Structure formats: structure tokens, C-alpha cells
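K.L.:
First the structure, then my questions, so here it is.
Every number in this text was worked out from the coordinates using simple rules, so none of it is lab data. Just so we're clear, the structure is a prediction, and the values are computed from it rather than from any experiment. For neighbour counting, all protein chains shown are included, and Cβ atoms are generated from backbone atoms with ideal geometry for every residue, glycine included.
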Protein chains: 2
Amino acid sequence: MSADERRESVIRAAVIEFSRGGYNGTSTEAIAKRVGVSQPYLFRLFPGKQAIFLEAARRCCQDVTEVFRRASEGLQGEEATKAMGDAYQALIADDPEKLLMQMQMYVAVAAAEAAGDREFGEALRAEWMEMYDVANLAMGADVDETTQFLAYGMLINVLVSMGFKPDHRVWAGFYEEVQPK
Amino acid sequence: MSADERRESVIRAAVIEFSRGGYNGTSTEAIAKRVGVSQPYLFRLFPGKQAIFLEAARRCCQDVTEVFRRASEGLQGEEATKAMGDAYQALIADDPEKLLMQMQMYVAVAAAEAAGDREFGEALRAEWMEMYDVANLAMGADVDETTQFLAYGMLINVLVSMGFKPDHRVWAGFYEEVQPK
DNA sequence: CGAGTAAGTTAGTGGCCAATCACTACCTAA
DNA sequence: TTAGGTAGTGATTGGCCACTAACTTACTCG
């Protein structure tokens, strides 16, 4: 397998592992095992652990952005909102790790920023803004609508992370039930 | 100093340290240093590291809940919403670590749940519901309003964690600027 | 064939970290 | 004065982990 193909599979494995354990709670050993490769080889493919996390988080953002883009294609206003909401619901059901990875990304950026690492957060803020802009475009550039849409999305992320089951009353304030697995 | 008083100061130190490094990225050594006590002594005051994290997260939830309770006292509907929003803004400005600790709590619960630890999440979900109910009561038991209020709160948490500065355009969709430090 | 290159491994190192154990210092009450 | 309880420390340990260095295998091309 070529190095590029390997890197790709490392990123996919990293999303799964990091989404569970977070940056510090995930060993490079665990990622390597999932890929089916020796642990030192990861350091040939990437400069270090943080670089692997960065790529995994970036990929995750891009996947969500792409889901929004496709769902809202050719739609506008309320139709686009509904389509994107449904698409996000489906994404969570299929790949809950992408939701959890987002949460891990948020705290990892905060930690990097606190540690004086500027680049790391900068790269991920750019990815996040990509997602924001796709949503905003679908909303006809209405920033209030966009903000509200993303706000509900973030609450969903938190409730899922916290393990509130679909029949719990915290979900009562949503139009539709949303829950992974 | 009595053991109870020490425990109290450990919890306060733990909130600061855990909010920065998360569960796995924070050493008990760091907490002990901040308290001004030897590291092994922490294990006399608490059964283990997780217990310290649990108490820190619990305390954090209770603080936020208390802020909402006090801010909404005697108010209802839109007035209560505004009062609680302002109070949260002030809390973030004064103690940003309480916001970050919430984020750390979310991913820690997800990790514990994935590891089969049921109790940990259960305890923190109870604290979260306490906060939910206080907000809900202030909203006159309107769950849609409550959900929306909390959704905006969660988006604020995420944007602050991600390090978006107050003048960044992502904040344009909010009534007022909200930013720590 | 032989040389180069790309994919991959085994072995090892230095550092950190949660938790334990055995000990000391001080206070109080009989 | 001593016995017991409470607050606290120093030393240690066993395990994990990111990362490095050196070696191997296999394919390709002149």
C-alpha cells in the first residue's frame, strides 16, 4: 500500500480512536493497531501525534460541511434548514464518532491555545468557518438564522455526548428526535 | 486545616487544572501543587483521580445553576431570559474555567460511558438536569424556550472553546457580545 | 544482476504518572 | 504522661507512552 493510502487509513482510524479517548486519552499504539500497522510507522507518515489529531479533526469538519452542502443543494430558507437538520440527524445515526470528534476538537483547541500553540487552533477555526459559511449560504446569508441553526446543533452534540437517551425529556424541545446508534 | 476544608480547596484547584488539560491531560501532581499539598495526600482526601474530577465537574454545574437561579429570581419570560443570559455572560468573563470545565465534562462523560462506567455519567446528568430545570422554571415551563436558551448557551461554549475572538463575525448572530478574559 | 528506493518492522529509551506504603508532627483528653 | 486520632510528607514502583534508530524486505529499472 502506498504511503498516501496508508495516511488515509490512519486518519480514518484516528477519528474513531480520538473520538473515544480524546487527545491525551488515546495512544498512538491504539491507532496503529486499528490501522494494522506498527506504532513507530505512524511517525514516518506524520510528524507527530498532534499532526494526526489535526488531520482527523480537519477531516471530520470537512465531512460535516460536505453533508450540509449536499443536503442544501438547490434549496433555500426553511427547506434548506430542514434538509440540513435531517442530514445531520442521519450523520449522527451512522457515524456518531464524527459528533464526538467535534467535541474532542473543541477542548483540544482550547488546550492548545492555552499552551500558546496558535497554529493548531487557527487551522481548525478555518475548517469550522467553512462549515459556518456553507450553512449561512443555505440560509440565504441570514446570520441570525445560521446562528440559531448551529446553536441547536451544538446542543444536540452536548446532549448526545452526555449520554441522554432518545426518550429523555431533554429532547422534548426538538422538532424531531435525534440520537445515535 | 481540616480535611473538609482541604477537600474544598482541592475541588477549586481541580476545576482550574482540569478545565485546561481535561481528565487525561491533567496530573494529580499539578492539582496538588496548586493546592499547596503533597500529591499522595490527594488520595487520602479522595478515593482516586476520577472522584476528584467528578466533584470538580459537579461543583461547576452547581455554580452555573446557582447563577441562573439567582439571576432569574422573581422574574419570568423574556425578562428572565435576558437576566440569565447577562448573568452567564458575566460568569464567563469572570471565570472562563467554568465554561471550559463544562466542555471537559461532556467529553469525559462520553468516555466513561463508552468504557462501561455508568455511575459517572449518571451523576453528572443529574447535575445537568438541575440546571435545565432551573432554566425551565424561569421560562415558565416552556420547553421550547428552554431548549433554545440552552442551545445558544452551548454554541457560546463551543465558540469560546474554539478561541474565536469577540470581534469575529461568528458572534454577529448574537444580541450581545460574549467573551471571556 | 545490482543498485536504489519505498514500505514497513523490532528493539529500545527517557520521561511521566496514579497509586501505595511507611513514616513524622501535632493536638487532645484521660 | 501517654494513648490515639488527625493532618501531612518522602520515597518508591510498576506501567504506559511518544518518539528514535537501526534493520529488513520487496519491487523497479538500467
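K.L.:
According to a simple spin-label model (label point 7 Å from Cα along Cα-to-Cβ), what is the distance in nm between A:Asp144 and B:Asp142?
P.N.:
If labels sit at B:Asp142 and A:Asp144, their model points lie 1.5 nm apart.
K.L.:
In nm, one decimal, shortest first: how far is the label point of A:Asn24 (7 Å from Cα along Cα to beta carbon) from the matching points in the other copies?
P.N.:
Label-point distances to the other copies, shortest first: 1.0 nm.
K.L.:
Also, I was wondering about something else. How far apart, in nanometres, would the label points at B:Asn24 and B:Tyr175 be if each is projected 7 angstrom from Cα along the Cα-to-Cβ direction?
P.N.:
4.0
K.L.:
May I ask you to report, in nm to one decimal and beginning with the shortest, the distances from A:His168 to the same position in the other copies, taking label points 7 Å along Cα-to-Cβ?
P.N.:
2.8
K.L.:
Another question about this same structure. Kirkwood Rh, the stretch A:3-178, all Cα pairs: how many Å? Let's see the in-between values first.
P.N.:
Working: mean 1/r = 0.0582 Å⁻¹.
Hydrodynamic radius (Kirkwood, Cα only) of the stretch A:3-178 equals 17.2 Å.
K.L.:
Pairs A:Lys98/A:Lys165; A:Lys165/B:Lys49; A:Lys165/B:Lys33; B:Lys49/B:Lys82; A:Lys98/B:Lys165; A:Lys33/B:Lys165: which exceed 29 Å Cα-Cα?
P.N.:
The answer is A:Lys165/B:Lys33; B:Lys49/B:Lys82; A:Lys33/B:Lys165.
K.L.:
Provide an ascending nm list, one decimal, of label-point separations from B:Asp142 to the equivalent residue in each further copy; define each label point as 7 Å from Cα along Cα→Cβ.
P.N.:
1.9
K.L.:
Send over the semi-axes of the protein assembly as shown's equivalent ellipsoid, whole angstrom and largest first, taken as the square roots of 5 times the C-alpha gyration tensor eigenvalues.
P.N.:
30, 30, 18
K.L.:
Now for a separate question. Cα convex hull of the stretch A:108-160: how many Å³ per residue?
P.N.:
Given the Cα convex hull of the stretch A:108-160, per-residue volume reads 87 Å³.
K.L.:
Using only Cα atoms, locate the centre of the stretch B:96-141 and the centre of the stretch A:1-52, then give the distance between them in Å, rounded to an integer.
P.N.:
Their Cα centres are 30 Å away from one another.
K.L.:
Longest segment of chain A with no GluC sites (Glu not before Pro) in a DSSP loop having at most 13 other Cβ atoms within 10 Å?
P.N.:
Free of exposed loop sites, the longest segment is A:74-175.
K.L.:
Right, another one. Only Cα pairs under 8 Å and at least 6 apart count here; give the relative contact order of the stretch B:3-178 as a rounded whole percent. Provide the component values of the computation, followed by the final result.
P.N.:
Values: 159 pairs, mean separation 40.3, N = 176.
Across the stretch B:3-178, relative contact order equals 23 percent.
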